[in-house]
1. Just want to confirm a number: the relative contact order over the stretch 1-144, from Cα pairs under 8 angstrom separated by 6+ residues, in percent.
2. Stretched out fully, how many nm does the piece from residue 140 to residue 177 gain, at 0.36 nm a residue minus the Cα gap?
3. Would you kindly state how much longer the chain becomes between residue 119 and residue 91 on full extension, computed as 0.36 nm times their sequence separation minus their alpha carbon distance, in nm to one decimal?
4. With N denoting the number of residues in the stretch 25-211, provide Rg(C-alpha) divided by 2.2 N^0.38 Å, to two decimal places.
5. Using alpha-carbon positions, what is the distance between the centroids of the stretch 76-144 and the stretch 13-40, in Å?
Amino acid sequence: MITDQLLKLQHLADSALPIGAAAHSFGLESLVDADLLCVETLEAFLLGFLEETGALEASYCAASCGIRNVDEWMALNAQLGARKSARESREGSAAMGRRFLHLAAAMSRGPLLEQACQEAEGEIHLANAFGFVAGTLGIEPELASAAFLQQSITTLISCCQRLLPLGQTRAHQIVWNLKAAILETARSIVPAREVYCFSPLVEIVSARHPTLSTRLFVS
């Protein structure tokens with residue numbers, strides 16, 4: 001059955017949502033510049049992304065789903081921010097998260113979202129904002145996390161289309177092939193404090209991003 005909640009979730013998970021995603025590659029630009037990422041290795045890389053960074057962010061997305069206390073939610077944002085060691089990627093996540101929150105509040109006019117916009121101080125990360133907004137719509141954590149991961153993968157694929165000779169057909173094939181991994185990641189969520197993430201290469205190249213001679217992306 002098609003529901004109002006499902007339609008709103010699809011809207012929020014659209015990678016074309018105007019939250020600044022087009023300005024951030026989260027380290028992909030540096031990987032391509034260093035010849036560490038190409039079209040042939042992209043699907044395997046994104047699979048690894050889902051298993052590490054994806055699992056981390058999905059856990060915080062799920063933990064944010066259903067929270068009704070803004071201070072408690074901001075504590076989760078601080079935790080996730082502390083686990084993002086590369087400044088540019090951390091700031092990109094925070095910029096997109098705050099924009100997502102304000103956009104959702106403007107569209108839904110929900111009192112809890114408006115309260116969060118007024119009272120939230122500090123970094124608001126996209127994974128947490130997505131879960132928080134989904135929770136106000138009554139969406140279950142697992143479904144919210146799967147939708148967030150879908151948005152994340154399609155956003156990264158879009159970045160790669162500007163960085164690599166990646167055509168539309170191959171891009172959509174990769175996203176399609178990764179749907180099983182997206183579902184598995186969403187179904188395997190553990191409490192945010194217990195999840196681990198080990199992605200040193202991405203963190204290192206993200207930190208090196210400001211040193212690139214030419215740049216398409218902020219991060």
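Bear in mind that the values in this text are calculations on the coordinates, not laboratory data. Since the structure is predicted, the reported quantities are computational estimates derived from the model, not experimental observations.
1. 34 percent
2. Here the segment from residue 140 to residue 177 would lengthen by 10.9 nm.
3. Net length gain for the segment: 8.1 nm.
4. Here the Cα radius of gyration is 1.01 times the empirical estimate.
5. About 20 Å separates the Cα centre of the stretch 76-144 from the one of the stretch 13-40.
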